[in-house]
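S.K.: Quick one: this structure, given as structure tokens, is what I'll be asking you about.
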Amino acid sequence: MSLHSNFANRCTFDVCLVEKTSLRHTLAGVPVVEAVVAFDAPQVENHQPRQAAFELSVIAIGEMAQVLNQANSGQFYRVQGFLNRKSLKSVKLRLHLTHLSPLSVDDSLN
């Protein structure tokens, strides 16, 4: 099953960078960094508060790998990207990073 190319697959999360790999390059010379981010904050569902907490695998390729490589573990960031399977045979999802920006305390209040 293939969906129309205009169907949305965009995610934005405010997360803590838990860990990241060292910058590496594919055989074609493309930079890659993989990471794990964590989210832990209350959300509202059906007018009731609910604690949401999870860790998410992230991959950054090309220019975004350079950006993620400069990020610091333990710091908070707004990440944006799209979800895809980790590999063709995997059902596990991973966020493919398209934007990363640091969060300040003021940002977390909005």
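The values are calculated or read from the model by the stated rules, or taken from the named source; none is laboratory data. Only a predicted model underlies this, so the values are computations on that prediction, with no experimental measurement involved. No Cβ is skipped: glycine too gets one built from the backbone with ideal geometry, and neighbour counts run over all protein chains shown.
S.K.: Could you check Leu109 against (1) exposed (fewer than 14 other Cβ atoms within 10 Å of the Cβ); (2) modelled with pLDDT of 90 or more; (3) hydrophobic (A, V, I, L, M, F, W, C) and say which number it fails?
M.R.: Going through (1) exposed (fewer than 14 other Cβ atoms within 10 Å of the Cβ); (2) modelled with pLDDT of 90 or more; (3) hydrophobic (A, V, I, L, M, F, W, C) one by one, Leu109 breaks only (2).
S.K.: Residue under question is Lys92, and the condition is that it be more than 10 Å from the chain's Cα centre (by Cα) and at pLDDT below 95; does it hold?
M.R.: Taking the combined requirement at face value, the residue satisfies it.
S.K.: Taking Gln66, is it surrounded by 10 or more Cβ atoms within 10 Å (Cβ to Cβ) and touching a Leu at 6+ places or on another chain (Cβ under 9 Å)?
M.R.: When the stated conditions are applied, Gln66 passes them.
S.K.: Return the residues of the stretch 12-37 that are part of a strand (DSSP E or B) and either modelled with pLDDT under 95 or surrounded by fewer than 15 Cβ atoms within 10 Å (Cβ to Cβ) (or both); say none if nothing qualifies.
M.R.: Thr12, Val18, Glu19, Arg24, His25
S.K.: How about the stretch 1-38: which of its residues are among the aromatic types (Phe, Trp, Tyr) and under 17 Å from His99 (Cα atoms)?
M.R.: Once the filter is applied, which keeps residues that are among the aromatic types (Phe, Trp, Tyr) and under 17 Å from His99 (Cα atoms), the stretch 1-38 yields only Phe13.
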